[in-house]
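A.B. asks: What follows is a single structure, and I will ask about it in a moment.
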Amino acid sequence: MALATPSFAQETPVFSLELNGATETEAGSCRLTYVAANRTGNALDRTAYEVAVFDSQGAVTRLLVLEFGDLVEGKTKILQFDLAGTPCGAISRIVVNDAAACVVAGAESPICMQSLTASSRTAIQFGI
């Protein structure tokens, strides 16, 4: 007879980053709206990601750093970034290249990349 053992679901730390919107500004730039949700179990003192922007031909047109600042554990934060001189239709894909900054309790941490998930609700692909 087999004995039943209790199973405890372990929550995996997750930092989810969603490209939620991409709209044209009056100046012809693309305004990207991101939804960041910190479910890592840690307050993040500073968070920034280096991203690569690809054109419709698949060529990297820009490398830039998106500063998300501090992110309280369990909190969702909405941020917008304007890509000056770049219309949304000229962007096919955005890829998170690396964490430019990830500070937890005053020290650099690998958790921002280790726990990152990326998704998009727009025509622009967004991933790791």
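A.B. asks: Normalise the Debye intensity by I(0) for the chain, one equal point scatterer per Cα, no solvent, then take log10 at q = 0.13 Å⁻¹ and round to two decimals.
C.D. replies: Cα-only, vacuum Debye calculation for the chain: -0.55.
A.B. asks: Another question about this same structure. I'd like the carbon and sulfur percentage of the solvent accessible area for the chain, probe radius 1.4 Å, heavy atoms only, ligands and nucleic acids excluded.
C.D. replies: Looking at the chain in its full context, I get 51 percent from C and S.
A.B. asks: Continuing with the same structure: Rolling a 1.4 angstrom probe over the protein heavy atoms, how many square angstrom per residue are accessible across segment 21-128? Numbers along the way, then the final one.
C.D. replies: Working: 5480 Å² over 108 residues.
Counting only protein heavy atoms, the per-residue value for segment 21-128 is 51 Å².
The values are calculated or read from the model by the stated rules, or taken from the named source; none is laboratory data. These figures come from a predicted structure and were not determined experimentally. When the accessible area is computed, the model is the full protein with side chains, heavy atoms only, and any ligands, DNA or RNA have been set aside. Shrake-Rupley method; radii C 1.70, N 1.55, O 1.52, S 1.80 Å.
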